[in-house]
1. Over the chain, what portion of Cα pair distances is larger than 37 Å, expressed as a whole percent?
2. Which whole-number percentage describes the relative contact order of the chain, with Cα contacts under 8 Å and a sequence gap of 6 or more?
3. Nearest 10 degrees, 0 to 90: what angle lies between the long axis of helix 295-305 and the longest principal axis of the chain (Cα atoms)?
4. Using the Karplus equation 6.51 cos²θ - 1.76 cosθ + 1.60 (θ = phi - 60°), what ³J(HN,Hα) coupling, rounded to whole Hz, does each residue of segment 398-409 give in order, writing x for Gly and Pro?
5. Please work out the C-alpha center-to-center distance from segment 198-215 to segment 457-536 and express it in whole Å.
6. In percent, what relative contact order does segment 163-282 have, based on Cα pairs under 8 Å that are 6 or more apart in sequence?
7. Taking the alpha carbon gyration tensor of segment 273-335, what are the square roots of 5 times its eigenvalues, largest first, to the nearest whole Å?
8. Karplus couplings for segment 514-521 from phi (6.51 cos²θ - 1.76 cosθ + 1.60, θ = phi - 60°), rounded to Hz, Gly and Pro as x?
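Every number here is computed from the coordinates shown, using simple stated rules; none is lab data. The model shown is predicted, which means the values in this text are computed figures rather than measured ones. Reconstructed Cβ throughout: ideal geometry from the backbone, glycine too, with neighbour counts over all protein chains shown.
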Amino acid sequence: MNPVIRTTPPRQPRIRALAAGLLALLALAGCEETDPLEAIRQRQATGDYMGSIEPLRELLETRPDDPEANYLYGRALVLTQQASLATWSLRKAMEDSEWLVPAGTQLAFAALHSRNFNEVIVVTTRILEADPENMPALMMRANAHAHWKKDPESALADAARALELDPDAIEAYEPRILALLALERFEEANEALAEAGRRLEEIEASEEVLAWHCSTTAAFQQESGDIEQARATWGACLDAYPSNLGVLSEAMGFFDSQGEADRSLELLRAALEGAPESRRLRVVLAQRLRLMGQPAEAEALLREATDSENPVLAAAAWMDLGRLRQAMGEYAAAADALERALDLVDGTGEPDPEFLFGYADSLVLAGRLVRALEVAEDLPVPAHRSLIRARVAQKRGEPARALEEFDEALRLWPDNPWARYHAALAAEELGDFERALAEFRYAVRIEPGATDARTRGADLLAAGGALRLALQMLETGWARAPLEIEGQVLAMRLQGLLGSMAAVSNSLARIEETHPAWAGRGLAAAGEGLARRAGPDQALAMLATAPGVDFRDPRYAAALRALVGFAHEAGETAAIQALLEAALTALPDSGRFQAIRGLDLELSGAPSEAVREAYSRAVALEPRNAVALAGLGRLALADDPEAALDFFDRAAEADPLDPEPKLQAARALVAAGRPEEAAERLDALLLEHPYEVEAAAERARLDLERGEAGERTLERARRAARFGGGAAAFELLGRVHAERGEDEPARRATERAQALREAQESGSQASGTDEAGSGASDS
């Protein structure tokens with residue numbers, strides 16, 4: 001898609017913002033000096049929450065501890081769909097006893113809406129300590145406990161207390177029934193459900209509440225194992241409440257759980273046909289189509305809505321289309337769509353600050369950095385401006401500058417998990433791993449599932465040898481926000497490193513249930529961890545006897561490949577030949593298994609032509625087979641580095657998660673006499689995999705060969721030594737110090753290398769799995 005060309009004069013939001021601020025100040029000037037908030041109170045009383053935000057920002061610049069100003073500011077942000085910006089101000093207001101209840105209620109409401117159940121419970125508990133009969137706080141806490149499922153007994157207690165205070169509080173039945181189901185007290189849940197039904201008839205409940213009761217009845221029948229009755233009840237619910245999104249969502253969950261995803265899709269299509277103006281239905285259908293591998297239809301569905309004659313509806317449709325394209329990784333097209341939305345919004349009023357921030361961020365993702373900075377200058381929220389400037393600096397490879405901007409953003413918005421996360425990435429790039437870990441931990445405390453900070457932070461801890469701490473970080477908040485699959489695979493590697501075989505079995509079972517295509521990767525990761533802890537023979541035994549694993553299933557190809565590698569390391573290749581042959585016999589045309597055959601031949605020292613033939617057959621069967629492509633790259637590296645580079649690049653594209661092909665591509669560039677390009681590749685690799693020891697060492701060696709030994713060279717060498725590079729890494733570090741004329745650090749690093757070599761020769765070198773970390777440092 002071509003960039004959108006503006007046909008109207010550029011906006012002047014900065015001028016409008018200044019004008020709004022001036023009007024607010026004039027209004028304030030007309031009030032008594034002792035009550036500068038009066039004009040803002042009046043503005044909010046008329047429903048003009050958006051208009052109150054800028055005057056409140058200006059007031060908080062001079063009165064940051066004013067509890068009422070903080071409350072009004074937080075409330076305005078929540079009620080203008082900017083709840084993520086409101087947390088800090090509402091917490092500040094809660095410090096004052098007079099504002100604890102109103103500010104806490106607003107904060108808990110926003111947290112419940114975003115499913116941050118821990119925050120809801122913490123805040124409402126404080127409210128109830130001050131006001132034990134506060135019904136809104138009691139109901140929010142009951143629902144948080146019920147939906148979190150971490151403490152259903154507390155949900156029951158809160159629901160009972162709510163009904164004691166107000167017997168007509170029908171809404172208390174929802175957390176009560178959910179808690180009983182979580183406790184598997186099905187008979188009591190059935191009685192509560194029936195009682196709720198009777199009460200609903202007595203009070204002539206709204207359609208929304210009746211729809212809830214219907215769907216809860218169906219869910220109860222499903223939980224009780226009566227699938228056919230649940231199916232019938234869901235049908236009745238859908239007939240009675242065809243446009244109710246709650247019923248539709250829960251019914252889709254039922255059909256999905258029964259392996260009837262097509263039925264769920266059919267329900268969505270029918271619902272949208274009955275309510276073609278429903279934006280939410282259209283977006284949900286588009287998201288499902290994308291996840292089912294039909295992105296073109298998903299885009300066409302949203303694109304259709306952009307033709308609306310109503311500019312507000314058309315703008316919303318362009319926003320939705322932009323977000324869909326971002327999810328598909330089409331960042332330039334996403335920025336174009338959001339630009340179209342902005343043009344339409346300009347004609348209907350002032351754009352929402354969150355949308356403007358999202359548009360600026362889309363420009364960063366699309367690589368339109370100059371334009372992103374231009375838009376940032378006009379963002380009305382100061383924290384947003386700093387965040388975009390920080391993101392642009394990151395994209396330009398200026399991590400120090402990025403950290404400065406993140407520091408400013410975090411001063412204004414300390415509870416932003418994404419800012420914490422990206423600040424950690426910038427710190428990683430600088431080699432400041434203590435700061436990086438602190439920011440990852442802060443991001444996880446704020447919202448465990450907002451980013452992959454748990455996985456990145458755990459990876460950092462594991463690289464330093466703190467294995468149990470790494471596992472603890474991965475497990476943080478799992479009940480509320482399940483860990484992404486990459487983190488689950490890392491957890492299995494850590495469990496192998498710790499020798500926790502029971503945990504490995506449990507993790508494998510969970511992955512087989514939720515991400516079956518990743519089962520082989522997870523088992524291979526556990527094997528890699530165990531091999532490092534106890535040797536390849538132990539990993540070989542563990543994998544070969546893994547219960548319920550069929551190595552003829554391509555899902556376990558990664559585990560079979562690891563098995564072959566361990567067998568060769570242990571000198572027990574006969575043990576795996578039968579498994580490999582069985583897989584090849586079962587599926588002779590599987591590219592995965594043919595690639596493993598090639599690896600087996602390569603490791604056994606077979607003639608290169610035989611190895612090449614096996615890998616080539618795998619690529620012919622499966623052109624994007626990363627294992628075979630990397631194997632062909634290794635075969636070509638010595639004689640034809642340009643051909644090797646092509647193979648390694650294709651392997652990296654086929655499996656972006658594996659750093660090895662990218663490292664080998666850099667080495668191919670060195671062999672081809674292109675060290676500058678190799679350096680760029682290694683820098684990019686270290687951004688993705690900052691603890692990749694060989695990449696850090698290779699990057700430092702490249703600098704030394706070119707006569708460079710600057711701060712970045714030193715940081716790369718230190719990184720290789722810190723994260724387990726062993727004697728070779730310390731020797732490299734000593735060379736860097738010597739090149740810099742730093743004799744004493746050079747001597748210490750060289751002595752450390754010698755000590756490690758002697759320990760290795762005597763067989764006493766640590767496995768790298770100690771809890772204190774490697775302690776690798778030259779200082």
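1. Values: 163513 of 303031 pairs.
For the chain, the fraction of Cα-Cα distances above 37 Å is 54 percent.
2. Details: 1082 pairs, mean separation 39.3, N = 779.
It rounds to 5 percent for the chain.
3. 30 degrees
4. Karplus values, whole Hz, x for Gly and Pro: 10, x, 5, 4, 4, 4, 4, 5, 4, 4, 5, 4.
5. The distance from the Cα centre of segment 198-215 to that of segment 457-536 comes to 45 Å.
6. Once normalised by length, the contact order is 15 percent.
7. Working: eigenvalues 65, 44, 13 Å².
After scaling each eigenvalue by five and taking roots: 18, 15, 8 Å.
8. Couplings: 9, 9, x, 5, 9, 4, x, 4 Hz.
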